[in-house]
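Visitor: Take a look at this one; I'll ask things after.
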Amino acid sequence: MSDSLIGLVGADYVLIAADTTTARSVLKMKLDDDKIMALDSHKLLGAVGPVGDRVHFTEYVQRNLKLYKFRNNLTLGTH
């Protein structure tokens, strides 16, 4: 089993989708795992990989964006 994440960009939209299965080897451990995290009101981060690494990395990014906004009173863009 492998993780799946896909993103599509159009003229007026962005579509992001990920599977919700957490598996190790041939065992499905969880069927409702959310692999897309809201960073703020206009940004999403999709991540796949080992559960611990994925969760810690996405939380790290989310919290650093909030810290930057708190310190500088400025929201970072995607560039």
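The values are calculated or read from the model by the stated rules, or taken from the named source; none is laboratory data. Keep in mind that this is a model prediction, so the values were computed, not measured. Cβ: placed from backbone, ideal geometry, glycine included. Neighbour counts: every protein chain shown. Keep in mind that these areas ignore ligands, DNA and RNA; they rest on the heavy atoms of the full protein, side chains included. Shrake-Rupley method; radii C 1.70, N 1.55, O 1.52, S 1.80 Å.
Visitor: Sort out which residues of segment 1-11 are under 15 Å from Lys43 (Cα atoms) and free of Cβ contacts under 8 Å to residues at least 12 places away in the same chain, and write them in order of number.
Guide: Quick first cut of segment 1-11, residues under 15 Å from Lys43 (Cα atoms) only: 7-9.
Of everything in segment 1-11, those that are under 15 Å from Lys43 (Cα atoms) and free of Cβ contacts under 8 Å to residues at least 12 places away in the same chain turn out to be Leu8, Val9.
Visitor: What number goes with the only condition from (1) at pLDDT 90 or above; (2) open to solvent by 70 Å² or more (accessible area, probe 1.4 Å); (3) out of contact with any helix residue (DSSP H, G or I) (no Cβ under 7 Å at 6 or more places or on another chain) that Thr75 does not pass?
Guide: So Thr75 meets the others, but not (3).
Visitor: Separate question: Against the condition out of contact with any Gly (no Cβ under 7 Å at 6 or more places or on another chain) and at pLDDT 90 or above, how does Gly10 come out, does it pass? Please lay out each step first, then the result.
Guide: On the way: out of contact with any Gly (no Cβ under 7 Å at 6 or more places or on another chain): yes; at pLDDT 90 or above: yes.
It is true that Gly10 is out of contact with any Gly (no Cβ under 7 Å at 6 or more places or on another chain) and at pLDDT 90 or above.
Visitor: Then there's this: Pairs needed: first member in segment 57-69, free of Cβ contacts under 8 Å to residues at least 12 places away in the same chain; second member anywhere, of a type outside the set (Ser, Thr, Tyr) and outside any helix (DSSP H, G or I); C-beta distance under 7 Å; at least 6 residues apart or different chains.
Guide: Correct list of pairs: Phe57/Ala47; Tyr68/Leu76.
Visitor: Being closer than 19 Å to His79 by Cα and either in contact with a helix residue (DSSP H, G or I) (Cβ under 6 Å, 6 or more places away or on another chain) or surrounded by fewer than 16 Cβ atoms within 10 Å (Cβ to Cβ) (or both), is that true of even one residue in segment 18-36?
Guide: The first filter runs over segment 18-36 and keeps only residues closer than 19 Å to His79 by Cα, leaving none.
Scanning segment 18-36 turns up no residue that is closer than 19 Å to His79 by Cα and either in contact with a helix residue (DSSP H, G or I) (Cβ under 6 Å, 6 or more places away or on another chain) or surrounded by fewer than 16 Cβ atoms within 10 Å (Cβ to Cβ) (or both).
Visitor: Could you list, in sequence order, all residues of segment 1-10 that are in a loop (DSSP other than H, G, I, E, B) and either touching a helix residue (DSSP H, G or I) at 6+ places or on another chain (Cβ under 9 Å) or open to solvent by 100 Å² or more (accessible area, probe 1.4 Å) (or both)?
Guide: First pass over segment 1-10, keeping only residues in a loop (DSSP other than H, G, I, E, B): 1-4, 10.
Residues satisfying the conditions are Met1, Asp3.
Visitor: If you don't mind, there's one more thing I want to ask. Please find, within segment 37-59, the residue that is farthest from Lys69 (Cα to Cα) out of those that are among the hydrophobic types (A, V, I, L, M, F, W, C) and open to solvent by less than 30 Å² (accessible area, probe 1.4 Å). Show your work before the answer.
Guide: The first filter runs over segment 37-59 and keeps only residues among the hydrophobic types (A, V, I, L, M, F, W, C), leaving 37-39, 44-45, 47-48, 51, 55, 57.
Narrowing further to those that are open to solvent by less than 30 Å² (accessible area, probe 1.4 Å): 39, 47.
On the way: Leu39: 12, Ala47: 23 Å.
Result: Ala47.
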